[in-house]
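What follows is a single structure, written as structure tokens, with notes after it.
Every number in this text was worked out from the coordinates using simple rules, so none of it is lab data. All values reported here derive from a predicted model rather than from experimental measurement. Quick reminder, even Gly has a Cβ in these numbers, built from the backbone with ideal geometry, and neighbours come from all protein chains shown.
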Amino acid sequence: MTSDQFESILNFLLRYGFEAVVAGTIVFFLIKYFLPGYLSQKGKNLATQEDIENITNTIESVKAGYAEVLEEIRSNNQIKIAAIEREKSIKKEVYMEAAEAITKAQNIVANFSDLNIDVEIITANFSAEAGKIAKVQIVGSGKTVKAVTMIMSSIGEAIFTLMLGRSPLIQRKNLIAINEKVRDKANAEVERYLSIMKNLNIQGNSEQVLWDTINRSIDYENDQIKIYSKKIDALWEVQSKEHLEYAQKCMNKFFEVSAKMPDAILAVRDELDLDISPDEYLEIYNDNIENGKKIFSDFIQQVPNS
């Protein structure tokens, strides 16, 4: 007998009221033979439902915990990504300024050949750019810092060497200027005496002593012009030759410094995840350097008496 049948019989008896004996007998029979099985089955059903609820609750708890873990991971990843992006942004700003400053510092090496620029101005410009380049040491990787340090060391060595070679040229340049000033003064004196002679002619003054004095003064100043012109020519002959050699030395140092630039550029691009083929970049860069060397060499060949 099933549990449903048992419930139907029990409800029927309670509703229609069988005799007590019959009812008692039936109830005794049902209690003795069916109720234990019924209760056992109900217990099994209840246990099964409780198990299902427990399993369901456990699954939901695991899902909720997993969701919390995923949310925490996602949040942490977002924080880390944001931090990485901020770091990259800071690095990019520093590296852009440093690249511009290094380029200017390289140009300073070439500018040493221009003797019209005071060395104080050149070194001051280098100091100003060095401050921007120094920031790389704060944000850069070991590879980047090493590459930039090598460039700055090369620039510093070039500046020191070129300063020493520049001094004789500057001294000779100043000496030429002094001699030209004396020569120009003598020329001015000759022009002044010629003006006096013109006025004397206009006035009809024929005083011989005065005319002799003026002529001697003119002769003296003309001799001074010849003397200082000869000195100036001799100085320029040496200056032109040595200045040209010095200019070549400046450009050689410039190209030496420039050759160290790719290591820094590639290190920075690697840090910022800016993809480029090292071989391709080096080919482009080296071609540009060789082209610059050729242009300068062609210019040197065209300089008279080079």
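Take the Cβ atoms of Glu120 and Ile202, set R0 to 51 Å, and the FRET efficiency comes out at 0.45. Among the listed pairs Lys91/Lys135; Lys241/Lys293; Lys173/Lys253, which have their C-alpha atoms separated by more than 18 angstrom in this model? The answer is Lys241/Lys293; Lys173/Lys253.
Shape summary: segment 176-295 maps onto an equivalent ellipsoid whose semi-axes, from the alpha-carbon gyration tensor, are 66, 14, 10 Å in decreasing order.
Between Leu272 and Ile214, full extension at 0.36 nm per residue minus the direct alpha carbon distance yields a gain of 12.9 nm.
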